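To start, the structure under review is shown below, and the notes come after it.
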Amino acid sequence: MERIVYLNGEYLAESAAKISVFDRGFLFADAVYEVTAVLDGKLIDHEGHLARLERSSKELGIKMPVTGDELMDIQRQLIEKNGLVEGGIYLQLTRGDEGDRDFSYSDEIAPTLVLFTQSRSLIESPKTQTGIKVISFDDIRWRRRDIKTTSLLPACMAKHAAHAAGAEDVWLIEDGFVTEGGSSNAYIVTDDNVLVTRPLSNDILHGITRASLMALAKEMNLTIEERLFTIDEAYQAKEAFISSATTFVWPVVAIDDKPIGSGKPGELALKLRDIYIKTARELAV
Ligand code: PDD
């Protein structure tokens, strides 16, 4: 059965939703996006995703065509129309279409807003039991990784290389330090149980799951160090894991074929995953 998707004010069957070949999202990746998890038919971390969307679009001067309340209503309608219980909502906001290809743009273009649902099992994920393998990979992205744009070719190439190497994902490296995962934030746990992750800057995406996890880790009185770490430090770590809206927390059990800790999903990673999911479900809207 076809999904019902949202395009510029209309709810349409996916095959009926059409975007111009001149849309700047298509021609220049002149677009921002968000992925929000859905559990029990409700939005997870909605406020955080909305705030980041507003920030990303503001940084690029792309106008938000709807208010936060309207966006919430659109997402709820999509969940209902598609009978979505578990999975996610993908949202993309492009600068729009000026009827031709031109690098420069006017500030008056009407943006394009698209949303669609993706039904997926998030809680019962086999990756939680097995953990994932990652490879280190050169971070060749631009210098505004804090803006969630759809310029994702470096991530696609990196993930493709990871799959070719028998791994699920990458940890990106810049100047010898881990920036983040291919589409996730990266963490290690040291032998003395310190949770280490890269501090927020323009070098990484400010993960919404990361923000919630850090708040929970603080409540749990964990020692947290927001600092740079090298891939060599990660090889020696007791645990490693990633976070994102599509994975919540997934343990990393090997980096560049070197087992991390016992080579099994880490205790703290699994604990944080459980607590995150429990809290996120309670706060879902
Ligand atoms: N990606 N870092 C990068 C580069 C990401 O693409 C993502 C999310 C994250 C985690 O952010 P959050 O916790 O807000 O999902 C970090 C989404 C899931 C994607 O592109 O599909």
Mind listing the phi-derived Karplus ³J(HN,Hα) values for region 218-225, rounded to whole Hz, using 6.51, -1.76 and 1.60 with θ = phi - 60°, and x for any glycine or proline? 5, 4, 7, 6, 6, 7, 10, 10
So which of 159/271; 42/278; 218/238; 148/218 end up more than 23 Å apart, counting from Cα to Cα? 159/271; 148/218
Calculate the dipole size of region 186-285 relative to its Cα centre from +1 charges on Lys and Arg beta carbons and -1 charges on Asp and Glu beta carbons; express the result in debye to the nearest 20. 380 debye
Roughly how many nanometres apart are two label points built 7 Å out from the Cα toward the Cβ at residue 271 and residue 10? 5.3 nm
What are the trypsin sites (Lys or Arg not before Pro) within region 97-151 that DSSP puts in a loop, where the Cβ has at most 15 other Cβ atoms within 10 Å? 101, 120, 143, 144
For a quick check: with amide H placed at 1.01 Å from N, whose amide H comes under 5 Å from residue 97's, ignoring anything fewer than 5 positions away on the same chain? 24, 110
Test of understanding: given the chain, find the longest segment containing no GluC sites (Glu not before Pro) that are in a DSSP loop and have at most 13 other Cβ atoms within 10 Å. 125-285
What residue among 22, 116, 241 shows peak mean-square fluctuation when the chain is described by a Gaussian network model with Cα springs under 10 Å? 22
Principal axis extents for region 203-273, Cα atoms only, whole Å, descending order, please. 30, 28, 26
Extension gain, residue 285 back to residue 175 (0.36 nm per residue minus Cα-Cα distance, nm): 35.6 nm
Simple label model, 7 Å out from Cα along Cβ direction - residue 119 to residue 224, nm: 3.6 nm
What percent of all Cα-Cα pairs in region 234-285 falls in each 10 Å bin, counting up from 0? 26, 45, 21, 7, 0
Tell me, what is a quarter of the convex hull surface for the C-alpha atoms of region 4-119, in nm² with one decimal? 6.8 nm²
As a test question: what accessible area, to the nearest 10 Å², does residue 275 have when a 1.4 Å probe is rolled over all protein chains in place? 50 Å²
Separation of the residue 110 and residue 264 label points, Cα + 7 Å toward Cβ, nm: 5.9 nm
Distribution output for region 126-283: share of Cα-Cα pairs per 5 Å bin in percent, first bin at 0, values 2, 9, 20, 24, 22, 14, 6, 1, 0
Expressed as a percent, the accessible surface of region 138-285 that is carbon or sulfur, using a 1.4 Å probe and the full set of protein chains, is 54 percent
Report the gain in length on full extension from residue 103 to residue 22: 0.36 nm times residue separation, minus Cα-Cα distance, nm rounded to one decimal. 28.0 nm
Cα-based equivalent ellipsoid of the chain: semi-axis lengths in Å, sorted from largest, via gyration tensor: 33, 22, 17
Taking just the C-alpha trace of region 147-225, give me its Rg and Dmax in Å. 14.0, 40
Would you mind giving the average projected area, over all directions, of the Cα convex hull of region 175-220 in nm² with one decimal? 3.9 nm²
With -39,500 (n - 2.57) per DSSP H segment of 4 or more residues and division by the full residue count of the chain, the 222 nm estimate, nearest 500 deg cm²/dmol, is -9000 deg cm²/dmol
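The values are calculated or read from the model by the stated rules, or taken from the named source; none is laboratory data. These numbers come from a predicted model, not from an experiment. Note that each Cβ is placed from the backbone with ideal geometry, even for glycine, and that neighbours are counted across all protein chains shown. Areas reflect the complete protein model, heavy atoms only, side chains present, ligands, DNA and RNA absent. Shrake-Rupley method; radii C 1.70, N 1.55, O 1.52, S 1.80 Å.
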